[in-house]
Amino acid sequence: MKLRFPKIWSKKNNKLPVDLTPYIGYTTLMNETTITPSVLPTNPIALASALTGKTLVYNARKSTVTSNKLRVFKVEKVDDVFESSSSGQQCVTLWAKDIDQGGCLVPRTLHVVGIESVS
């Protein structure tokens, strides 16, 4: 990943911000080592172990928290992997730190097909 700085910053001035992380989007940072949803295992035990301790980007279609509908979670623990009775899709119930809401630990139920990337 190559960063490009505005022309007002030069090697002579060298007045770069200390931390450039806030200027880089979550999805840009996660492109380096990501697991795509097609690579996620379908076995419930393997899926739970693949998600535990990882940071995931989730496409929340009905999200009111972010405008781009992408949510970022740091998974602490996976409680259950099940198949939804209404949609027939595989779902995961987990405890995660919600990065978009200040990093508080919250329970979430997510559809596996909505997981954009895992790192």
Could you please report the charge total around residue 68, scoring K, R as +1 and D, E as -1 over all other residues with beta-carbon less than 15 angstrom from its beta-carbon? +2
Between residue 101 and residue 77, what is the spin-label point distance in nm, taking each point 7 Å from the Cα along the Cα→C-beta axis? 1.8 nm
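Here, each number is a calculation from the coordinates, and none is a lab measurement. Note that the coordinates shown come from a computational prediction; the quantities given were computed from them, not determined experimentally. For neighbour counting, all protein chains shown are included, and Cβ atoms are generated from backbone atoms with ideal geometry for every residue, glycine included.
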